[in-house]
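Quick notes on the structure that follows.
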Amino acid sequence: MNRCLVIARMVWLDLLRRKDLYVLLILLGGLLLALLSLNVFGLGGMVRYVKDAGLLLAWLFSWILAISVASRQLPQEETRRTIYSLLAKPLTRGELLFGKWLGAWSVVCAATSLFYLLIMLVVAARGGRFEPLTLAQTGLLHALGLGVLTALALALSTRATQSAAAALAYVGALASYLIVPQVPVFLAAETGLRANGLLILYYALPHLELFDLRQRAVHDWGPVPGALVAGLVLYSLVWIALLLLLGWLGFRRKRFARGAAR
Amino acid sequence: MNRSAATGSLPSATLALPGLAALALWLAAFALACYTLEHPALQSRGSNSFWTFLLGSGRSALGQTLYAHADVYFHGGVANSSRPAFRHLFQRWAEVIAPNRHRHEEGVSIFETLPWYRWATQLDPQNVDAWLDATYAASAIGQRPEFAARILAEGLRHNPRNYRLYLERGRLALRRSDWSPAAYALDVALRVFPENRPADDVEARQALLSLLNLGSFAHEILGERDQAAARLRQLLSLAPDNAVARTRLAELKRGADTRAAALAYLQQTLTGEHRCARETDDEHDHHP
């Protein structure tokens, strides 16, 4: 486990050296301030739209960060040729993969926490507040969804270049979030082969929409039952384990040709 | 790490940052545009040109999306969903997370819809439904008719020949007991009402009936009996089975003082006019 933590720490240091996170934080702050300056027919006191747009941006930015961080980890080591020195150490490929996932997931969660903190400050400045337990659940499920997303991008990057893995992860994530929840509605008008294809999509892709509690936090609907949160924790763990297993299967016997740049 | 290894990290940065930068620029431009559109310099040249330049014809589509989002806010955050073909564990979970119940925002919380109407109308000032819904939210639910009047004035600046906006202005004035402005707005609405509407245009026919009905009330309360009678006659030519209009016209012809009765009728008419579109949607589940 210690070896995994060392790998995870390297991922953190790598992200802190880069500009991505700072750019996203500044951008989020700028956009939230622009939202505050909106003139709503000369009427003041509205705060829900700031929560809504703020959380939407937090979701968007955390997804961008998760996919870009997770999909570059292994291809980057290969391009830099540091993969050889890593694999020469007393470290299994499974540990390397898990360490990379742990680092990517935890650093993205930390960045997302900063996004949430910024949103809370702006909402408070506007005179509003979030219901604490609902916000905690929103953050927890958001983090679990990011866990699935980082595992997906990392698994894809074991057998694809960084750009290909990122593109596939974006397509998969968007399909999971936007199309998969609509499948039961589409099926009302479909039959035969097309209906079967939709059903396969429905069960084969992760349901990322279930990790989205933004509307509850924005419209003050209150927290969801604890049993549902527990079920979603279990669901996300199953998906993370499955995707990391697939990633490990793709990575464990991968041959690295010296001198071959990707 | 040697030099080649260091330069090896460049492709990842070059792939991620341009995408982020493009997104950042677009979002910043959008946010800035929302703010700067209020500037008088842009107002004087017509707001359409700015958004058309920025988004092209996609601005109407984006405006419609934001208008739909305002409707979600009006329903307390509940989106209008279609009936699924089957129910599975994931859907039961999704229903716990976002219940499909039917409720409306009330009181000052209705103002939370206004930012979305603001954006929708900025993107597409010809979206008359958005202007009307914003007015309704501010006046009938939020009880702030002065803001509603301001919204309508802005809507009319962008749509100066739209009878629906004049009808709403007349309705708003009637709610505030401003009889003269109400009669004037309803008369203008009648003048700009398009003559060549198709016979099966139910919405336009209903609007014309409302115009005539409300106009007759305004003129009747002002003591302008001839004009009130003229509108009632026109109303009866379109809806001969309207018993209330027939009674009112008979009373006017008799020469009786009908103003108190007109006020009572008007009160009934104004309280029973709005109906939520989702209430007529058969596919929508209504949970108490």
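Over the Cα atoms of chain A, the radius of gyration divided by the Kirkwood radius equals 1.01; this is the Rg/Rh ratio.
When the dipole is taken about the Cα centre of region A:1-84, and only Lys, Arg (+1) and Asp, Glu (-1) are charged at their Cβ, what size is it in debye, to the nearest 20? Don't skip to the answer; put the middle values down first.
Details: 10 positive and 5 negative charges, 50 e Å.
Using only the charged Cβ atoms, the result is roughly 240 debye.
Spatial offset of region A:223-250 relative to region B:176-212 amounts to 59 Å, using the alpha carbon center of each. As a proxy for reagent exposure, B:Asp133, B:Asp201 were ordered by neighbouring Cβ count within 10 angstrom, fewest first; the result is B:Asp201, B:Asp133.
Rounded to whole numbers, the Karplus 3J(HN,Hα) couplings from phi for region A:76-87 are 5, 4, 6, 5, 6, 6, 7, 4, 5, 5, 5, 6 Hz, using 6.51 cos²θ - 1.76 cosθ + 1.60 with θ = phi - 60°, and x at Gly and Pro. Shielding by partners for peptide B:109-118, expressed as the average number of C-beta atoms from other protein chains within 10 Å of each residue's C-beta, is 6. Of the peptides A:44-55, A:217-228, the ranking by mean beta-carbon count within 10 Å, highest at the top, reads A:44-55, A:217-228.
Cβ crowding within 10 Å, taken as a proxy for footprinting-reagent exposure, orders B:Phe90, A:Phe211 from fewest neighbours to most as B:Phe90, A:Phe211.
Averaged over peptide B:176-188, the number of partner chain Cβ atoms lying within 10 Å of each residue's Cβ comes to 0.
Considering only Cα atoms, the convex hull volume of region A:178-262 works out to 188 Å³ per residue. The charge dipole of the protein assembly as shown, taken about its Cα centre with unit charges on the Cβ atoms of Lys, Arg (+1), Asp and Glu (-1) only, comes to about 2340 debye. When B:Ser60, A:Ser85 are arranged by Cβ crowding within 10 Å, least crowded first, meaning fewest neighbours, the order is A:Ser85, B:Ser60. One compactness figure for region B:52-148 is 1.27, namely its Cα radius of gyration divided by 2.2 N^0.38 Å. Helical content alone sets the calculated 222 nm signal of chain A at -25000 deg cm²/dmol, taking -39,500 (n - 2.57) per DSSP H segment of four or more residues and averaging over every residue.
Positive-end ranking of A:Leu97, A:Leu205, A:Ser236 along the dipole of region A:86-240, with charges on Cβ about the Cα centre, is headed by A:Leu97.
Remark: region A:5-14, residue by residue, has Karplus-estimated 3J(HN,Hα) of 5, 5, 4, 4, 5, 4, 5, 4, 4, 4 Hz, where x stands for each Gly or Pro and the curve is 6.51 cos²θ - 1.76 cosθ + 1.60 at θ = phi - 60°. Across peptide A:58-68, the average count of Cβ atoms from other chains found within 10 Å of a residue's Cβ is 2.
Only the coordinates and a few stated rules stand behind these numbers; no lab work does. Everything quoted here is computed from the prediction, not taken from an experiment. Cβ: placed from backbone, ideal geometry, glycine included. Neighbour counts: every protein chain shown.
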